[in-house]
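Taking it in order: structure first as structure tokens, then the write-up.
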Amino acid sequence: MTQAQAQRASREEISLTFKRFILEESSEFASEPMADLYRVSLLGQMLDRHDALLGQGLSEEGAIARVLSEFRDIPARMREEGFTPAGETASSRWPQMTEDEVAQYVRESSTVLHRRSLGTALCSACCFPMMIGAAFTELWNTDVGAFLGMAGMFGMIGMGVYLLTTTRKPKGRDRVKKGQFSLSARVRKKLRELRDAIDEKASRRRGKGIAMLVTCVLPIFFGAMLDEMWAADFWAILGLAGVFGMIGAGVYELVMASGEKKSIRELLQEPEE
């Protein structure tokens, strides 16, 4: 036998050792296409790790032992990927939600959150049009702007209340809230990936919202500066309108950030943070 053939035989023997290990450690999970695909992925990871350890100077036996030790948590890894052991049938008594149903629920939940966030923001910034009207009253020396501003204020309150009170729950909300559903491993994995992507987006929204609320007084200073330059109260009042505008925008971002992950956590049946 040549050296190349010996190395190939040794590689096949190592691969077989890892395959047996994976099958033994994951024996409680059913042999389904997605689970088998994940087992193949694990084999590739183990072989790569084995080669890396050999490159670090470990012996063949030492590298194999180290890899087997590092991958003792295969059942935990498979649970994390959304695979359910064959013996666990608690959730299977509930009908399984399809991928389209899950996508529709997440989409409708996002719409509900947007309407509620917008309604809250409109109520929070309701003084914005009143300040705009007051500014133009000062500029034009007439009360028309003030009356229009008051009308705008009540209009914003009305729109905000309308959005908050007419928003309907997503279809299937009661079913999801009570946990009367099950998900396939494939859908669970996609939801986890979506959750991770939304985590980053929610963090940016939260930071933006907090920044807007903390710095909401900046328009007042800019207005006061322009007021000093042109000796007109128009700019100072306009700066006050900017304060309420920033408050509304900040409130919208914070409410959106606090609820974006809620629907996904409900589907994954994870506790809220």
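The values are calculated or read from the model by the stated rules, or taken from the named source; none is laboratory data. These numbers were taken from a predicted model, which means no experiment stands behind them. For neighbour counting, all protein chains shown are included, and Cβ atoms are generated from backbone atoms with ideal geometry for every residue, glycine included. Only protein heavy atoms, including side chains, enter the accessible area calculation; ligands, DNA and RNA are left aside. Shrake-Rupley method; radii C 1.70, N 1.55, O 1.52, S 1.80 Å.
Computed values, structure above
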{"quantity": "Test: F29 is in contact with a Pro (Cβ under 6 Å, 6 or more places away or on another chain) and hydrophobic (A, V, I, L, M, F, W, C)", "calculated": "yes"}
{"quantity": "Boolean, E80 is touching a residue at least 12 places away in the same chain (Cβ under 8 Å) and among the acidic types (D, E)", "calculated": "no"}
{"quantity": "Of residues in segment 212-228 being open to solvent by less than 50 Å² (accessible area, probe 1.4 Å) and more than 15 Å from G245 (Cβ to Cβ), the one farthest from the chain's Cα centre (by Cα)", "calculated": "D227"}
{"quantity": "Single condition T142 does not satisfy, out of (1) over 30 Å from P95 (Cβ atoms); (2) part of a helix (DSSP H, G or I)", "calculated": "(2)"}
{"quantity": "Residues being over 14 Å from S110 (Cα atoms) and open to solvent by 70 Å² or more (accessible area, probe 1.4 Å) - total across segment 165-174", "calculated": "2"}
{"quantity": "Cβ-Cβ under 9 Å pairs, at least 6 apart or on other chains, segment 27-52 side closer than 19 Å to R72 by Cβ, far side among the hydrophobic types (A, V, I, L, M, F, W, C) and open to solvent by 50 Å² or more (accessible area, probe 1.4 Å)", "calculated": "E28/A86; F29/A86; R39/L23"}
{"quantity": "Criterion violated by Q56 - all others in (1) open to solvent by 40 Å² or more (accessible area, probe 1.4 Å); (2) more than 26 Å from the chain's Cα centre (by Cα); (3) at pLDDT below 85 satisfied", "calculated": "(3)"}
{"quantity": "Conditions (1) open to solvent by less than 90 Å² (accessible area, probe 1.4 Å); (2) in a helix (DSSP H, G or I); (3) at pLDDT 80 or above; number of the one not met by A6", "calculated": "(3)"}
{"quantity": "Filtered residue count, segment 119-156, keeping only those that are under 17 Å from Y252 (Cβ atoms) and either open to solvent by less than 60 Å² (accessible area, probe 1.4 Å) or modelled with pLDDT of 95 or more (or both)", "calculated": "11"}
{"quantity": "Lone qualifier among S27, S69, S15, S31 - being hydroxyl-bearing (S, T, Y) and either open to solvent by less than 50 Å² (accessible area, probe 1.4 Å) or in contact with a strand residue (DSSP E or B) (Cβ under 8 Å, 6 or more places away or on another chain) (or both)", "calculated": "S15"}
{"quantity": "Tally of residues being touching an Asp or Glu at 6+ places or on another chain (Cβ under 7 Å), open to solvent by less than 70 Å² (accessible area, probe 1.4 Å) and closer than 14 Å to G250 by Cα across segment 190-211", "calculated": "3"}
{"quantity": "Candidates S109, S41 - the one that is in contact with a Pro (Cβ under 6 Å, 6 or more places away or on another chain), part of a helix (DSSP H, G or I) and not β-branched (V, I, T)", "calculated": "S109"}
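Here's the yes/no breakdown for (1) without any contact (Cβ under 8 Å) to a residue 24 or more places away in the chain; (2) under 20 Å from S117 (Cβ atoms):
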| site | (1), (2) |
| --- | --- |
| G133 | yes, no |
| E138 | no, no |
| A146 | yes, no |
| L163 | no, yes |
| L183 | no, no |
| E200 | yes, yes |
| K208 | no, yes |
| A211 | no, yes |
| F221 | yes, no |
